[in-house]
Structures are given as C-alpha cells and as structure tokens.
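Below is one structure, written out as structure tokens; comments come after it.
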Ligand code: SF4
Ligand code: SF4
C-alpha cells in the first residue's frame with residue numbers, strides 16, 4: 001500500500017495565525033462552514049478542508065489551493081461556525097501569505113502587511129515628487145507656487161505632464177503590470193499539480209474563459225449576489241468603486257491620448273484644465289462622486305462588521321485608505337484651484353500625485369492585485385473544469 005507523508009510546518013501555522021487566522025485552532029472539523037458557503041462546489045467543497053490543512057500546518061496544500069481564490073470573503077461560513085473559528089478570515093490570511101510569495105520584491109509585501117511599513121511606503125513617492133517640485137521651481141525662478149501668464153492656477157506649471165507625470169506614471173503602471181504578469185505565471189505554476197487532479201479536459205482557450213469571467217462575474221458582480229448577509233450593501237459599494245475606476249480610466253485615456261495625439265492632429269487636442277461644463281470634466285466628476293459613494297458604503301460596512309465573525313486586516317484598510325486619499329485629494333485640489341487658493345491647491349495636488357503613485361506602484365501587493373490574481377484563478381479553474 002502506498003504511503004502518504006504529511007509535512008506539518010508549525011512555523012507556517014504561527015505565521016498564518018499572526019496574519020489573521022488566529023482562530024484556526026478552534027475548528028473541530030464539523031463541516032458546517034462548507035455547507036454554509038453558498039458558492040462552494042459540491043465536489044470537494046471549501047473552507048473546511050482549508051481549516052484542516054491550516055491547523056495541521058500543511059503549507060504546500062494550502063498555498064497551491066485554487067479554492068482560496070474562489071472565496072469572496074462574505075463571512076457566511078463564519079456567521080454559522082459553532083466554534084467561532086472564522087474560516088473566512090483564515091482564507092483571507094492564507095491568500096495574503098500567497099501574495100507575498102507571488103509578488104517581488106518581497107520587501108514591499110512586508111511593508112504592505114502592517115501599519116509599520118506605511119512611513120516608508122509614503123516616503124518614496126513623497127521624496128520623488130518633492131524633488132520634481134524643487135527642480136521645476138528652480139526653472140520658474142524659484143517660485144514654488146507660480147501662476148500662468150493669465151493669472152490662473154495651472155498645476156502643469158510645476159508638475160509638467162510631458163516630462164514628469166506622463167513618463168513616471170507610464171513606467172509605474174507598466175512596471176506594476178509586469179510584476180503582476182510574473183506573479184500570475186508563478187500562481188499558475190503553483191496550481192499545476194492541483195490542476196492536473198482537476199482536469200476533466202481543457203475546454204475552450206484561456207481567452208474565451210477570460211471573456212466569460214469578465215462578462216459573467218466582474219461586470220455583473222454575480223457572486224456578490226449569492227453570498228453574505230449584507231449582499232446588496234457589499235455589491236452596490238463594490239460596483240460603485242469598480243465602475244468609477246472604469247469611468248476615471250476612460251477620462252484619463254481621453255485626456256492623455258488627446259494631449260499626445262493633439263501634438264500631431266491639433267483639432268484632437270484636449271486642453272487642461274477644462275471648464276466644469278466640458279463633457280469630459282462632467283464625466284470625471286460623475287466618476288469621482290461614484291467613487292466617494294462606493295468608498296463611503298464600503299467603509300461603513302467594514303466598520304459595522306462584527307469582529308466576532310469577521311475581522312478587517314491591514315490590507316483591507318490600506319486599500320480603502322489609499323483610495324479615500326486619492327479621491328479626497330483629487331476633489332480638494334480642484335476645489336482649491338477654483339477658489340484661487342494657490343498654495344493649498346499646489347500642496348494638495350502634490351499629495352494627490354503621491355497617493356496616486358502609491359495606488360499604482362504598490363498595486364501588485366495590495367488587494368487590487370488580489371483582483372488580478374482572483375481573475376486569473378477563475379480563468380484557470382474554468383479551464384480545468386472546477387466550477
Ligand atoms: S471552521 Fe467552524 S464550521 Fe468549519 S469545520 Fe471548523 S468548526 Fe466546523
Ligand atoms: S467567506 Fe463566503 S465565500 Fe468564502 S468560504 Fe466563507 S461563505 Fe464561502
């Protein structure tokens with residue numbers, strides 16, 4: 001008879017407990033959570049098996065587990081656990097530990113995992129944009145708060161788009177995409193042995209499954225309707241944030257595209273700053289309002305969570321906090337500009353650039369990176385027939 005050797009890793013158990021899975025030892029494996037989970041498949045369901053692997057220290061089983069990425073962290077299972085073991089938090093903590101492994105350099109993941117890392121995370125872009133401000137002020141005859149020739153406040157006087165904002169954000173964005181691409185490849189490599197066990201035959205090519213995931217799950221947020229006691233709150237908050245990002249991405253693409261294309265085809269040029277009634281500006285403000293609404297709704301929901309059933313990690317608060325900082329600094333810099341308050345306008349705009357950089361540069365280590373990894377995992381499971 002073949003022998004199966006289990007390799008418990010007690011250090012891993014301690015790390016998992018410290019990362020948010022502190023209740024895992026309470027589990028007595030009754031499987032109520034797997035029955036309570038509305039989206040877990042009937043075949044080999046979660047999260048009971050993950051609770052067992054975690055408490056036995058089976059690191060390799062847990063880190064290569066596809067089902068970690070299928071959990072939507074709704075907390076249904078935790079509400080019904082008779083032992084108060086919070087399996088939803090365990091699934092989240094295990095995912096956070098896998099992120100750290102997937103995304104390099106690992107030191108950024110370490111900074112991102114606790115409030116202690118925040119000063120470093122903030123200092124990097126704060127110094128970068130301050131140096132740019134200082135250099136540009138030098139070109140403006142030492143003026144840190146210059147006005148345009150017609151007296152208006154134009155942020156481009158200091159933070160010049162062509163040589164600072166556009167190249168810095170392009171490099172940051174594509175750098176984050178590359179890190180995520182490497183992470184997704186690593187994730188698929190980790191799934192491979194599991195995938196082979198799941199195989200019922202590859203069906204369609206991966207891009208067709210990606211299309212299905214985008215249409216059936218991301219655009220409609222269908223799974224959010226299926227799990228959690230506060231289904232509608234959570235779904236509406238997430239959708240408001242998601243669609244506001246889509247709107248703001250479209251606006252950014254139009255403004256940046258119009259700026260660069262306008263150099264060759266002058267009638268396509270998009271001038272900034274735009275009047276408030278300009279259609280693209282109206283669209284941007286609709287996006288900003290949707291973002292504020294979604295953020296308010298998700299922040300209230302998180303504050304209302306009962307810690308007995310579901311706790312919030314630093315990852316949860318970091319993402320909400322940085323999006324709040326981006327949204328408020330964006331709105332406030334616009335308000336100060338319209339009020340003609342030149343010093344507050346430039347200072348808040350500087351902070352806005354710092355926060356936007358933090359959002360994009362640290363994306364692969366944040367919960368937004370999780371969105372990419374979850375999408376990749378959903379494509380993978382569909383390719384291999386787990387549904
Ligand atoms: S986590 Fe709770 S519900 Fe799930 S198996 Fe353990 S004791 Fe049972
Ligand atoms: S948190 Fe929700 S989706 Fe995740 S295992 Fe529990 S019930 Fe299922």
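General remarks:
- Flag if residue 19 is within 20 Å of residue 317 (Cα to Cα) and away from ligand 1 (no atom under 15 Å from the Cβ): yes
- One residue alone among 130, 58, 70, 90 is away from ligand 1 (no atom under 15 Å from the Cβ) and either on the phi > 0 side of the Ramachandran plot or within 20 Å of the chain's Cα centre (by Cα) (or both), and that residue is 70.
- Filter result for residue 105 (under 18 Å from residue 313 (Cβ atoms), at pLDDT 85 or above, away from ligand 1 (no atom under 12 Å from the Cβ) and over 16 Å from the mean Cα position of the chain (by Cα)): no
- Per the listing 76, 43, the residue uniquely more than 10 Å from ligand 1 (Cβ to nearest atom), over 26 Å from residue 190 (Cα atoms) and not assigned by TED's automatic domain parsing to the domain that holds residue 222 is 76.
- Scan of the range 15-50 for residues that are modelled with pLDDT under 90 and at positive phi, ordered by number: 20, 44
- Among the residues listed as 91, 51, the single one being buried (at least 17 other Cβ atoms within 10 Å of the Cβ), closer than 21 Å to residue 301 by Cα and within 15 Å of ligand 2 (Cβ to nearest atom): 91
- If you go through the range 303-317 and keep only what is at pLDDT 80 or above and surrounded by 16 or more Cβ atoms within 10 Å (Cβ to Cβ), you end up with 314, 315, 316.
- Candidates 250, 322, 254, 280 - the one that is in the same structural domain as residue 120 (by TED's automatic domain parsing) and touching a residue at least 40 places away in the same chain (Cβ under 8 Å): 322
The values are calculated or read from the model by the stated rules, or taken from the named source; none is laboratory data. Predicted, not measured: the structure shown is a model, and the values here were computed from it. A quick note on method: Cβ atoms are made from the backbone with ideal geometry, for glycine too, and the neighbour counts reach across all protein chains shown.
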